[in-house]
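Shown next, in structure tokens, is the structure this report addresses.
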Amino acid sequence: MHAPDGLASNTPPATTLFERLGPAPFARLAAELYRGIDRDARIRSMFPEDLGPESEAVRDMREFLTQFFGGPAEYSMRKGHPRLRARHMRFPIDQSARDAWLENALAALAMVVREHALDELARREIETYLVRTSQFMMNR
Ligand code: HEM
């Protein structure tokens, strides 16, 4: 039996990663991911010219990640339902493009873990998401 709302329970309230970590790690992850992609000849040509910290690409990614991990739904307020797989369909994402993207994402995550002192639980939750979702984004 679970306790009615407001009564003592042994189960702690569910918290999101955003509540635990705040906005900075997600902003850093987005900027660092695109900093890596900007220098990655394997996939660079799929992306827009400007991948700098103030670019639309970084903003989209930052707002998306923030929203996904439990922060304000800025991405959807601005752009509607993410429909991530559909939005990626016009790009030819095969195994090697996916692997290159994921390499950049995991390198960005490693930097975030160091600089924002993320604990292992947080690191693993984000890593699992990046591995699975990048796999799901393959369309060729
Ligand atoms: C965890 C996996 C991924 C997430 C969360 C993600 C997220 C996003 C988001 C939020 C956008 C902006 C969409 C929009 O609003 O128009 C985007 C764009 C894009 N993504 Fe991904 N993506 C992922 C995996 C990948 C992979 C594996 C590739 C392969 C190269 C890729 C290539 C691209 C490209 C080319 C764009 C268009 C960039 C632009 O025009 O700004 N993504 N992605």
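Only the coordinates and a few stated rules stand behind these numbers; no lab work does. This one's a predicted model, so the numbers in the text were calculated from it and none came from an experiment. Every residue, glycine as well, gets a Cβ built from its backbone with ideal geometry; the counts of neighbours run over all protein chains shown.
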(request) Could you please find all residues in segment 126-138 being farther than 20 Å from residue 41 by Cα and surrounded by 15 or more Cβ atoms within 10 Å (Cβ to Cβ)? (result) 126, 127, 129, 130
(request) Out of the residues in segment 123-140 that are closer than 14 Å to residue 26 by Cβ and of a type in the set (A, V, I, L, M, F, W, C), state the one that is nearest to the ligand (Cβ to nearest atom). (result) 130
(request) Evaluate the following for residue 120: is it loosely packed, with under 13 Cβ neighbours inside 10 Å, within 13 Å of the ligand (Cβ to nearest atom) and either within 12 Å of the chain's Cα centre (by Cα) or among the acidic types (Asp, Glu) (or both)? (result) no
(request) Within segment 67-88, track down each residue that is farther than 15 Å from residue 133 by Cβ and either more than 10 Å from the ligand (Cβ to nearest atom) or out of contact with any Asp or Glu (no Cβ under 8 Å at 6 or more places or on another chain) (or both). (result) 70, 71, 72, 73, 74, 76, 77, 80, 81
